[in-house]
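Colleague: If you scroll down you'll find the structure; I have some questions about it.
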């Protein structure tokens, strides 16, 4: 495989020219100027609309359509810059435009402050007339959510001030984290090997290495790098959480979880039921981790071993990129041809940046432009089985976007709880294809079960750990800033609480708060529990689709509905199930137990 810092990996793999012919090109600059000019016109015309009343209903509906269309182009530009900055965090010109984009978002935020205010002030008859207008009826759910938000907002002048300060304050902390993490490198020092200087973005791939010494050296080396920036990263996290708490206080929001629940499109009862079901069954993933320790010949594994491959005779072979592509395509095409067609398009049109290289940010994502109708996938492929799953996962996101391509933009704004459904479903497709393939060896099948149980451990232990860590962060941040030491203590305590005795207490990862990008996303708090929601929901959906192929159209219909109803309502409409009961979640958790039982039955005699 190409070295992480080789000349061949200096250029991103994806083709961004269908979005703009080049960064800072005349086409790109013209697009930005036109976007700013159109926004200015929207601001002027909004000021002339007046309050929502019988005489202004049609004018408001027409203006909202124009705002929606403008937002499509604005999000296209933002997605483009997000891709470029992730591909090379060292590019200062791109970073300047990303920063400038925050200024534009502040103006948009002010517009939406006016929209929320007017929607909230309108009586039921006038609001209903606007929301049911033929031109915006597709966005009735979205407009209703804006109306609901109006109940917990500061006066308009303070909301405008908050939008202005977001540019140089709130979002600046997130941009600082992106710049620091994108430039950070560490020395991989393994006994018997030459020291290598690597970007922290390759850490996850190294944690999937078959060599235990490599895994431990990767986590220790990366954490040494994160520790070197500990004060900066703690400042970022304190700045983000502190700003949120102050805004919540000013807006009269009772609890720091309320905005996260609203963004996720779920009720507190749904979150509590899901977490309770997971907590009640947490011994399942711990059982798996103990079985994995036995397979690896150790008493207990460490945090760096969570994604380690199962040991077997001979050296574990890396999966070359062409083989990963073929594996995913074959599985998708056999299970659901439309999913295969989308993946084929993504590969042929070079939608995916997968090669490791210096300056590349850690993590992975799929960014879909509603305006262009295309997606772009960002990941660092190191040839592990986990990387193959990540590829399938991100292609699942792209499929979700493609399924919704005929819908208007505001009908495509789905919450993260449902955003993770198609992605995790796609992972299940690839994994199950290997389990069902008679040509796959017993060891390979066990590897697939191991990978699925890795996911179960991640969604049942790691994600809840992140959630409880972040909850404690906000609880303590209300009384003042948290030090680097305290952040490490909190992370260590939550890892012990969730993993119990399944991990070696001397081999945990107290710096996880620094390395996990999700804690630093300023646009969304608690970027964690929706993953468990989507994972468990997708398990149930996949089980139904596997048992009955005629379910697949209903699955696509569910994806299409994700932007027009809350997550519990989508589940209720599509499946007739209640997410506020632990029984709904237990049905999916039972599937995990089936995998675990099989994994343990096939455990080699020791």
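Colleague: Determine which single condition residue 208 fails, assuming it passes every other condition in (1) under 30 Å from residue 407 (Cα atoms); (2) not in a helix (DSSP H, G or I).
Modeller: (1)
Colleague: Which one of these does residue 479 not meet: (1) crowded, with 20+ Cβ neighbours inside 10 Å; (2) farther than 25 Å from residue 551 by Cβ?
Modeller: (1)
Colleague: Further question: Given the condition closer than 26 Å to residue 243 by Cβ and in contact with a helix residue (DSSP H, G or I) (Cβ under 6 Å, 6 or more places away or on another chain), answer yes or no: does some residue in the stretch 535-546 qualify?
Modeller: no
Colleague: For residue 77, indicate whether it is in a helix (DSSP H, G or I), modelled with pLDDT of 95 or more, closer than 21 Å to residue 10 by Cα and within 23 Å of the chain's Cα centre (by Cα).
Modeller: When the stated conditions are applied, residue 77 does not pass them.
Colleague: Further question on the same structure: Could you tell me whether residue 231 is out of contact with any strand residue (DSSP E or B) (no Cβ under 9 Å at 6 or more places or on another chain), outside any loop (DSSP other than H, G, I, E, B) and over 30 Å from residue 156 (Cβ atoms)?
Modeller: For residue 231, the condition - out of contact with any strand residue (DSSP E or B) (no Cβ under 9 Å at 6 or more places or on another chain), outside any loop (DSSP other than H, G, I, E, B) and over 30 Å from residue 156 (Cβ atoms) - is met.
Colleague: Conditions: (1) under 19 Å from residue 405 (Cβ atoms); (2) touching a helix residue (DSSP H, G or I) at 6+ places or on another chain (Cβ under 9 Å); (3) modelled with pLDDT of 95 or more. Residue 348 meets all but one. Number of the miss?
Modeller: Evaluating residue 348 over (1) under 19 Å from residue 405 (Cβ atoms); (2) touching a helix residue (DSSP H, G or I) at 6+ places or on another chain (Cβ under 9 Å); (3) modelled with pLDDT of 95 or more leaves (2) as the failure.
Colleague: Take the stretch 3-29 and flag every residue that is within 23 Å of residue 319 (Cβ to Cβ) and either modelled with pLDDT of 95 or more or surrounded by 14 or more Cβ atoms within 10 Å (Cβ to Cβ) (or both).
Modeller: Within the stretch 3-29, 4, 5, 9, 12, 13, 14 qualify.
Colleague: For residues that are out of contact with any strand residue (DSSP E or B) (no Cβ under 7 Å at 6 or more places or on another chain) and surrounded by 21 or more Cβ atoms within 10 Å (Cβ to Cβ), scanning just the stretch 86-96, find the one that is farthest from residue 366 (Cα to Cα).
Modeller: By that ranking, first place goes to 94.
Colleague: Restricting the stretch 50-72 to residues that are in contact (Cβ under 8 Å) with a residue 60 or more places away in the chain and surrounded by fewer than 18 Cβ atoms within 10 Å (Cβ to Cβ), which is nearest to residue 132 (Cα to Cα)?
Modeller: Among them, the one singled out is 58.
Yes/no matrix, rows are residues, columns are (1) touching a residue at least 12 places away in the same chain (Cβ under 8 Å); (2) at positive phi; (3) surrounded by fewer than 19 Cβ atoms within 10 Å (Cβ to Cβ):
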| residue | (1), (2), (3) |
| --- | --- |
| 562 | yes, no, no |
| 571 | yes, no, no |
| 576 | no, yes, yes |
| 590 | no, no, yes |
| 598 | yes, no, yes |
| 604 | yes, no, yes |
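Colleague: Being under 12 Å from residue 374 (Cα atoms) and touching a strand residue (DSSP E or B) at 6+ places or on another chain (Cβ under 9 Å) is the filter here; which residues of the stretch 346-362 pass it?
Modeller: Within the stretch 346-362, 346, 349, 351, 352 qualify.
Colleague: Moving to a separate point now. Has the stretch 396-419 got any residue that is closer than 15 Å to residue 208 by Cβ and touching a helix residue (DSSP H, G or I) at 6+ places or on another chain (Cβ under 7 Å)?
Modeller: No, the stretch 396-419 has no match at all.
Colleague: Here is a follow-up. Which one is surrounded by the fewest Cβ atoms within 10 Å (Cβ to Cβ) among residues in the stretch 98-109 that are closer than 16 Å to residue 84 by Cβ and in contact (Cβ under 8 Å) with a residue 40 or more places away in the chain?
Modeller: The selected residue is 99.
Colleague: To continue, here is another question. Out of the residues in the stretch 579-606 that are assigned to a loop (DSSP other than H, G, I, E, B) and over 13 Å from residue 540 (Cβ atoms), state the one that is modelled with the lowest pLDDT.
Modeller: That would be 606.
Colleague: Filter the stretch 513-539 down to residues that are more than 18 Å from residue 264 (Cβ to Cβ) and crowded, with 23+ Cβ neighbours inside 10 Å, then give me how many there are.
Modeller: Looking only at that region, the number is 3.
This table checks each residue for (1) touching a residue at least 60 places away in the same chain (Cβ under 8 Å); (2) crowded, with 23+ Cβ neighbours inside 10 Å; (3) touching a strand residue (DSSP E or B) at 6+ places or on another chain (Cβ under 9 Å); (4) not in a helix (DSSP H, G or I).
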position	(1), (2), (3), (4)
371	yes, no, no, yes
376	yes, yes, yes, yes
392	yes, yes, no, no
396	no, yes, yes, no
406	no, no, no, yes
410	yes, yes, no, no
417	yes, yes, no, no
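Conditions tested, residue by residue: (1) part of a loop (DSSP other than H, G, I, E, B); (2) modelled with pLDDT under 95; (3) closer than 19 Å to residue 362 by Cβ.
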site	(1), (2), (3)
438	yes, yes, no
449	no, yes, no
486	no, no, no
496	no, no, no
500	no, no, no
522	yes, yes, yes
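Colleague: Quick check, is residue 542 under 27 Å from residue 406 (Cβ atoms) and surrounded by 20 or more Cβ atoms within 10 Å (Cβ to Cβ)?
Modeller: Considered against the rule, which asks whether it is under 27 Å from residue 406 (Cβ atoms) and surrounded by 20 or more Cβ atoms within 10 Å (Cβ to Cβ), residue 542 comes out as yes.
Colleague: Need the failing condition index for residue 193 against (1) without any contact (Cβ under 8 Å) to a residue 40 or more places away in the chain; (2) buried (at least 20 other Cβ atoms within 10 Å of the Cβ); (3) outside any helix (DSSP H, G or I), just the number.
Modeller: Of (1) without any contact (Cβ under 8 Å) to a residue 40 or more places away in the chain; (2) buried (at least 20 other Cβ atoms within 10 Å of the Cβ); (3) outside any helix (DSSP H, G or I), only one is false for residue 193: (2).
Colleague: Whether any residue in the stretch 26-48 is within 27 Å of the chain's Cα centre (by Cα) and not in a helix (DSSP H, G or I) is what I want to check.
Modeller: Checked against the condition, which is being within 27 Å of the chain's Cα centre (by Cα) and not in a helix (DSSP H, G or I), the stretch 26-48 yields no hits at all.
Colleague: Something else about it: Can you find, within the stretch 248-260, the residue that is farthest from residue 525 (Cα to Cα) among those that are part of a helix (DSSP H, G or I) and within 24 Å of the chain's Cα centre (by Cα)?
Modeller: Top of the filtered list is 248.
Colleague: With out of contact with any helix residue (DSSP H, G or I) (no Cβ under 6 Å at 6 or more places or on another chain), within 30 Å of residue 429 (Cα to Cα), buried (at least 21 other Cβ atoms within 10 Å of the Cβ) and touching a residue at least 24 places away in the same chain (Cβ under 8 Å) as the only criterion, which of 466, 446, 451 stands out?
Modeller: The match here is 466.
The values are calculated or read from the model by the stated rules, or taken from the named source; none is laboratory data. Remember, it's a predicted structure, so these values are computed and weren't measured experimentally. Positions of Cβ are backbone-derived with ideal geometry, glycine not excepted, and every protein chain shown enters the neighbour counts.
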